[in-house]
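Colleague: Please see the structure below; I have some questions.
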Amino acid sequence: MDSRPGETYRFCRMCDIVRDIPSDIGEYADRLYAALDEDERADEELIKRRLSVCEGCDRNSLGTCLACGCYCLIRSFARSQRCPKKKW
Ligand code: SF4
């Protein structure tokens, strides 16, 4: 990045986070799910139920929850997670 004299370098924290996410979100999601303790993992039925609520939610923007900024899929993985709008 070019900077002019007297300017300080600034960076976007979100770009920093996104850079570490592989382009294959499915593989990334699989890794995150596998990293959870087994008793913390939501089962397939619970994940499907949660995602069907997200699917019809006005806060869902292409799979990202606008209420919390998480991917809906990834938020649904952990049993202890809750919808920020208390829909699930
Ligand atoms: S997590 Fe809750 S608020 Fe976010 S998209 Fe899903 S249902 Fe909507």
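Yes/no matrix, rows are residues, columns are (1) within 16 Å of the ligand (Cβ to nearest atom); (2) closer than 17 Å to Trp88 by Cα; (3) within 15 Å of the chain's Cα centre (by Cα):
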| position | (1), (2), (3) |
| --- | --- |
| Asp24 | no, no, yes |
| Glu38 | no, no, no |
| Ile47 | yes, yes, yes |
| Leu51 | yes, yes, yes |
| Asp58 | yes, yes, no |
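Colleague: Give me the pairs: first residue in segment 66-88 and part of a loop (DSSP other than H, G, I, E, B), second residue β-branched (Val, Ile, Thr) and more than 6 Å from the ligand (Cβ to nearest atom), beta-carbon distance under 8 Å, and six or more apart or on different chains, which are they?
Modeller: From residues that are part of a loop (DSSP other than H, G, I, E, B), the pairs are Cys70/Thr64.
We did not get these values from a lab; they are worked out from the coordinates using the rules stated. Worth saying up front: this structure is predicted, and the values here are computed from it rather than measured. Every residue, glycine as well, gets a Cβ built from its backbone with ideal geometry; the counts of neighbours run over all protein chains shown.
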